[in-house]
1. Between a residue in the range 2-22 that is without any contact (Cβ under 8 Å) to a residue 40 or more places away in the chain and any residue that is outside any helix (DSSP H, G or I) and within 16 Å of the ligand (Cβ to nearest atom), which pairs come within a Cβ distance under 8 Å, given they are 6 or more apart or on different chains?
2. In this structure, does residue 174 turn out to be within 16 Å of the ligand (Cβ to nearest atom) and either in the same structural domain as residue 69 (by TED's automatic domain parsing) or out of contact with any Lys or Arg (no Cβ under 6 Å at 6 or more places or on another chain) (or both)?
3. Across the range 1-19, what is the number of residues that are away from the ligand (no atom under 14 Å from the Cβ) and within 19 Å of residue 221 (Cα to Cα)?
4. Would you be able to tell me the number of residues in the range 185-225 that are surrounded by fewer than 19 Cβ atoms within 10 Å (Cβ to Cβ) and within 13 Å of the ligand (Cβ to nearest atom)?
5. Checking residue 45 against (1) free of Cβ contacts under 8 Å to residues at least 40 places away in the same chain; (2) more than 16 Å from the ligand (Cβ to nearest atom); (3) among the charged types (D, E, K, R), only one condition comes out false. Which one?
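The values are calculated or read from the model by the stated rules, or taken from the named source; none is laboratory data. Treat the numbers as computed from the prediction; the structure is a model and nothing was measured. Methodologically, a virtual Cβ is constructed for each residue, glycine included, from the backbone with ideal geometry; neighbour enumeration extends over all protein chains shown.
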Amino acid sequence: MSSFLFVTDLDNTLVGDDAALLELNQKLAAHREQHNSKIVYATGRSLYLYRLLAEAKSLLPPDALITAVGTEMYFDREGCAGNPRISNRGVNQQESQYDREWANILAQGWNRQEIVAIASQFTDLQLQPKSEQNPFKVSYYLAEAAAAEILAKLQAALKQEGFDIKLIYSAGQDLDLLPKNGDKGLAVQFLRRRWKIAPEQTIVCGDSGNDISMFEGQEKSLLVANAKPELLEWYAANKNEHNYLAKADCAGGIIEGLKHFGFI
Ligand SMILES: [Mg+2]
């Protein structure tokens, strides 16, 4: 057994089966203790909503935390082993260190103020609460009936002003505007480079469309059995020896995948 990088989505991937989560947590904590493996959460949640979940479900403190679909990254205070890991308690953003190097990568081609000004011309877009906004993410509500037309027009307006950014529409109501470099997959690549961990020593786990960016590299990828249709569709079209569709849901599927790939 050797050290590996474990990256997982939270909602309906790590979290969703409490008994299996307890078992997985014990295995991961022991592996980190013995082999210095790294634990990373990659979630669509804001830091605030992450902390509510972490406390409710007693999540292990991660070595790094990717929030807001890749637009924020946090490390323990010094970003190196031996220091206190990211606190799951409280909701004070100052407790963890917001990574400046990742922020500089996101800043390329991004100007929040100008992007908001362009989007404000569309009255169908309604800004989401402040907790869901961050320097590299602007989130709106957009009704499904109007979505196709508004998305096309907004995309064109942004392009005209020279902005090549991501428009992610999901759940029939949420529209996220993100930097071109802002996604979970690129955030994982960044962490692998920083920690010098090979793709074959990395496993990424997920259940839905915003996890696909993590599955497109050479890392081992694990889809939980309860994966959403868009991810199953991706799997059907991209099956190879690097990815594995578990038979069990959530944390139970993750344990299965860790064994399948020989990590535990
Ligand atoms: Mg999920």
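1. From residues that are without any contact (Cβ under 8 Å) to a residue 40 or more places away in the chain, the pairs are 18/57.
2. Against the criterion (within 16 Å of the ligand (Cβ to nearest atom) and either in the same structural domain as residue 69 (by TED's automatic domain parsing) or out of contact with any Lys or Arg (no Cβ under 6 Å at 6 or more places or on another chain) (or both)), residue 174 qualifies.
3. Within the range 1-19, the first condition is being away from the ligand (no atom under 14 Å from the Cβ), and the residues that meet it are 1-6, 18-19.
Now restrict to residues that are within 19 Å of residue 221 (Cα to Cα): 1-6.
Residues in the range 1-19 being away from the ligand (no atom under 14 Å from the Cβ) and within 19 Å of residue 221 (Cα to Cα): 6 in total.
4. So the answer is 1.
5. (2)
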